[in-house]
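Beneath this line is the structure, given in structure tokens, with notes to follow.
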Amino acid sequence: MRGNRFVRAALGLLLVALLAVPFAAGCGESGMLLKEGKLQMGSDTSYPPFESMEGDKPIGFDVELATAIAEKMDVELEVISTAWDGIIPGLKTEKYDIIMSAMTITPEREKEINFSDPYIDSDQSIAVVKGSPIRTEADLKDKVVGVQIDTTGQFKAEEIEKAGGLKEIQKFDTILVAFEALEQGKVDAIINDFPVNSYISTTRGKTEVVAKIKTDEQYGIGVRKDNEELLDEINSALAEVKEDGTYSDIYTKWFGVEPPQ
């Protein structure tokens, strides 16, 4: 009898433990678990038009695309604002499920995290104040260039600097602060992703993009190395969003043109 009571007690404890596990609502047949049925996205929300804040509401291309992906997965998107220089460590320590923050897929980053299928193409570019004599990459010789820290814009500026083409690189925590420095004459130019430089220059009106630097970059959604199942779910949902026209609608809304084929 004591043995039977022990078995019943053990089964009871197991049942309680199983019921206490927070299952995500409708994550498909895979049984993948997400905290409270949410897809938590780490994002540097100071990088328009991909992600920025409107009051306390995150907006932008990445935000809307991630929302559409979450809907296909039957979960709710939650955006967690994160400083860019800590965004990959935050993913690796499980502060959120994914990174979606206009992040270029690079071999160095692929050593730390996995990436989804690419969802947008980009190049680097040079932005200057209107009326600046700087028009080309060659014109950056002996100039002070602003970049956002740990971005592919910084990496490109460092390549130019090593070739003896820059006076100094100034690194900023956000691209918006870099643009403030440009407008105030603290830097001569900014090297940064073309879509972002173009959008900020158009909306602020004080700067312009004078040159595109071809780098053939592609953005991807970052996922932890130990979560292949989530990566598969993300890729499947992204493909659906592209196939049903949602991606095209979001792209046209934020960039004013149809996405390239």
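Just a few scattered comments:
- Measuring between their Cα centroids, the stretch 35-105 and the stretch 194-216 lie 23 Å from each other.
- Spread of Cα-to-Cα distances over 5 Å intervals beginning at zero, given as percent, for the stretch 123-217: 3, 16, 30, 30, 17, 4, 0
- This model, with +1 at the C-beta of Lys and Arg and -1 at the C-beta of Asp and Glu, gives the stretch 123-217 a dipole about its Cα centre of some 340 debye.
- The angle between the Cα long axis of helix 2-19 and the main principal axis of the chain comes to about 30°, on a 0 to 90 degree scale.
- Dipole magnitude (debye, nearest 20) for the chain, charges at Cβ of Lys, Arg, Asp, Glu: 740 debye
- Dipole of the chain [Lys/Arg +1, Asp/Glu -1 at C-beta], most positive-end residue of Thr93, Ala239, Ile213: Thr93
- Both the radius of gyration and Dmax for the stretch 82-175 are 15.6, 47 Å, in that order, over alpha-carbon atoms.
- Per-residue [θ]222 nm for the chain (sum of -39500 (n - 2.57) over DSSP H runs n ≥ 4, rounded to 500): -11000 deg cm²/dmol
- Links that overshoot a 21 Å alpha carbon limit, given the list Lys57/Lys92; Lys35/Lys242; Lys35/Lys72; Lys57/Lys253; Lys57/Lys206: Lys57/Lys92; Lys35/Lys242; Lys57/Lys206
None of the figures in this text is laboratory data; all of them are computed from the coordinates on show. Being a predicted model, the structure only gives us computed values, none of them experimental. For neighbour counting, all protein chains shown are included, and Cβ atoms are generated from backbone atoms with ideal geometry for every residue, glycine included.
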